[in-house]
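Everything on this sheet refers to the single structure shown next.
The values are calculated or read from the model by the stated rules, or taken from the named source; none is laboratory data. The shown structure was predicted, so the numbers you read here are calculated from the model rather than taken from an experiment. Here the Cβ is made from the backbone with ideal geometry for all residues, glycine too, and neighbour counts use every protein chain on show. Each accessible area value is taken on the protein alone, full model and side chains, heavy atoms only, with ligands, DNA and RNA left out. Shrake-Rupley method; radii C 1.70, N 1.55, O 1.52, S 1.80 Å.
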Amino acid sequence: MQTFENIGITGFCEEKSHNPDKQFLLFNMYLHLSAAPPNEWKDFFSESRRLPRAQLWRKAWIEGDTLVVYCQPEELQQEIEELKEDLSVANQQYRQLQTLRIQRRRLQEQVEQEEACERSLIRQLAQQLRF
């Protein structure tokens, strides 16, 4: 398994950012991420965004290697600061998941080795038996 590099915001994507509904002053503001996150990481990120932590709480989601925030342009910097916390939580939880998977794989390998040893002992016994 390859090592996981923390996912973070690396910049602002001017060309993708736009106002999807002109009757509102809210824009889809696109932020570049350091990598396209795995699905489980996206789930952790979404879960960390589920409950508002501030009075003004804007919708945010992942699209490929970008993070989209639905907010007014002047709110973006504050949203970035809050999103950094959510990114940190998702990175930490994803690392924990990876650690658990590694531990489970090692345990499974150990069980398989023990079973192989048992099979070998039984095979040796079977070859020694005389009827």
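Can you compute 3J(HN,Hα) from phi for each residue in segment 85-90, using the Karplus curve 6.51 cos²θ - 1.76 cosθ + 1.60 with θ = phi - 60°, rounded to whole Hz and x for Gly and Pro?
So the J values, rounded to whole Hz, are 5, 5, 5, 4, 4, 5.
Starting from the Cα of Asp21, move 7 Å in the Cα-to-Cβ direction to define the label point; list residues of segment 42-67 whose amide nitrogen is under 15 Å from there.
It comes to 58-60, nothing else.
How much accessible area per residue does the chain have, counting only protein heavy atoms and a probe of 1.4 Å, in square angstrom?
72
For Thr99 and Ser46, what is the calculated FRET efficiency with R₀ set at 22 Å and r taken between the beta-carbons, to the nearest 0.05?
Values: r = 21 Å, r/R0 = 0.96.
Efficiency, rounded to the nearest 0.05: 0.55.
Per the 1.4 Å probe, what fraction of the accessible area of segment 10-84, in percent, lies on carbon and sulfur atoms? Intermediate results must be reported in sequence, preceding the final value.
Values: 2350 of 4510 Å².
With neighbouring chains kept in place, the figure for segment 10-84 is 52 percent.
I need the phi-derived Karplus couplings for segment 115-121: 6.51 cos²θ - 1.76 cosθ + 1.60, θ = phi - 60°, integer Hz, Gly and Pro marked x.
Running phi through 6.51 cos²θ - 1.76 cosθ + 1.60 with θ = phi - 60° gives 5, 5, 5, 4, 4, 5, 4 Hz.
So if I take the centroid of the Cα atoms in segment 98-129 and the same for segment 1-56, what is the distance between those two points in Å?
One Cα centre to the other: 44 Å.
Taking the alpha-carbon distance from Lys59 and a cut-off under 16 Å, which aspartates and glutamates remain once sequence neighbours fewer than 8 residues away in the same chain are dropped?
Within the straight-line limit of under 16 Å, Lys59 reaches these aspartates and glutamates: Asp21, Asp43, Glu47, Glu74, Glu75, Glu79, Glu81, Glu82, Glu85, Asp86.
Describe numerically, in nm with one decimal, the distance between label points set 7 Å from Cα along Cα→Cβ at Glu115 and at Ser88.
It works out to 4.3 nm between the two label points.
Let me check the size of the chain from its C-alpha atoms; what are the radius of gyration and Dmax in Å?
That works out to 24.3, 90 Å for Rg and Dmax.
What number do you get for segment 49-114 when its Cα radius of gyration is normalised by 2.2 N^0.38 Å, N = residues?
Values: Rg = 18.1 Å, N = 66, 2.2 N^0.38 = 10.8 Å.
Computed over Cα atoms of segment 49-114, the ratio equals 1.68.
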